[in-house]
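First up is the structure itself, then whatever we jot down about it.
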Amino acid sequence: MLLVGLTGGIGSGKTSVSSRLAERGAVVVDADAIVRELQAPGQAVLAAMVERFGESILLPDGSLDRQAVADLVFNDDAARADLGAIVHPAVRDEIARRVLDQADTDNVVILDIPLLAESGWDGIAGTIVVDLDPEIAVQRLVEFRGFTEADARARIATQASREERLAKASVVVDNSLDLEHLEAEVDKVWAWIESQRTAQRDA
C-alpha cells in the first residue's frame, strides 16, 4: 500500500481531485463522507452532539441539521472545540480502520482529509495540496454551494492558511482555472504517485 494525504481548504475543489484520482485506480478514504456516516441517526456521535448542543440541531426527521450546527459553532471557539472533541476522535479511528484494511494490498490509498495540515497523519508518503486563491474559493462557495460571502470567509478563517498548507505539500494541484487544466494537474499528481510507488518497491 502507498498511503498519500490529500488536503485543501474549503472551496478548493479537493473532491474533484479525489474523484479523478479514484478514476485512475486509487482507493479514497474520504474524511467528510465518514463524518456524515458517523453523524447519521442512531450513531453515537450524533447522540453526543445532541447531548452537548440540544435538539435544535436536528431536523424534523431526526437527521442532523448541518446549517444549525454551523451557526452554533463557527463564531464560538468553545463550541467549535467541543464539536471537534466529539467528532474528530471517532473519525480518526474510522479512518485508521479503513487504512488498516488496505495495509496488505498494492493499492494507492488517498487520505482525503480537510484538516490534514492542522492534524497530520503518520505513515504517509507525501501530501497533495489542492491550491487556489482564497478569493476564488469564496466566489465558488457563494456561486456553487449557496454560502453567503460572510459564511464562506468565516469557514476559511477557521482553517489552516494557504501558506501553512503549501508548506506541507509534496505536490501541489493548481485548481484556479478550468477543468481541462485540472485534468492536466491530476495527471501530474498521478505521475508523482507512480514515482513514489516505484521508490517504495525499490526500497
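The values are calculated or read from the model by the stated rules, or taken from the named source; none is laboratory data. In this text the structure is predicted, and so the values were computed from the model without any measurement. All Cβ positions, glycine included, derive from the backbone under ideal geometry; neighbour counts span all protein chains shown. Side chains are part of the model used for accessible areas, which takes the heavy atoms of the whole protein and leaves out ligands, DNA and RNA. Shrake-Rupley method; radii C 1.70, N 1.55, O 1.52, S 1.80 Å.
Some points to look at:
- Rounded if a/c under 1.5, otherwise prolate or oblate - the chain, Cα gyration tensor axes: oblate
- Distance (nanometres) between label positions extended 7 Å along Cα→Cβ at Asp93 and Phe74: 2.9 nm
- Think of each Lys and Arg Cβ as +1 and each Asp and Glu Cβ as -1; about the Cα centre, that makes the dipole of the chain roughly 260 debye.
- Within the accessible area of the chain (1.4 Å probe), percent carbon and sulfur: 51 percent
- Antiparallel beta bridges, as assigned by DSSP with both residues in the chain, represent about 5 percent of the total such bridges.
- Under 5 Å, built H, 5+ apart or other chain: amide partners of Val28: Ile110
- Overall form of the stretch 65-173 per C-alpha gyration tensor (a/c, 1.5; a/b vs b/c): oblate
- Farthest toward the positive end of the dipole of the chain, out of Ala184, Leu38, Gln196, is the Cα of Gln196, where the dipole comes from beta carbon charges about the Cα centre.
- The chain, relative contact order [Cα under 8 Å, separation at least 6], %: 36 percent
- In a DSSP loop and with at most 15 other Cβ atoms within 10 Å, the trypsin sites (Lys or Arg not before Pro) in the stretch 1-94 are Arg24.
- Residue-normalised accessible area of the chain, expressed per residue, 1.4 Å probe, Å²: 51 Å²
- Helical contribution to [θ] at 222 nm, DSSP H n ≥ 4, -39,500 (n - 2.57), averaged over the chain, rounded to 500: -17500 deg cm²/dmol
- Summarising the amide proton neighbourhood of Val173: residues at separation of 5 or more, or on other chains, whose placed amide H is nearer than 5 Å comprise Val129, Val130, Asp131.
- Simple spin-label estimate for Asp187 and Leu100 gives 4.0 nm between the two label positions (7 Å along the Cα-to-Cβ direction from each Cα).
- The stretch 98-140-the stretch 162-188 distance, computed between alpha-carbon centres (Å): 12 Å
- Scanning residues 5 or more positions from Ala125 or on other chains, those with amide H under 5 Å from its amide H are Leu3, Val4, Gly5, with H placed 1.01 Å from N in the peptide plane.
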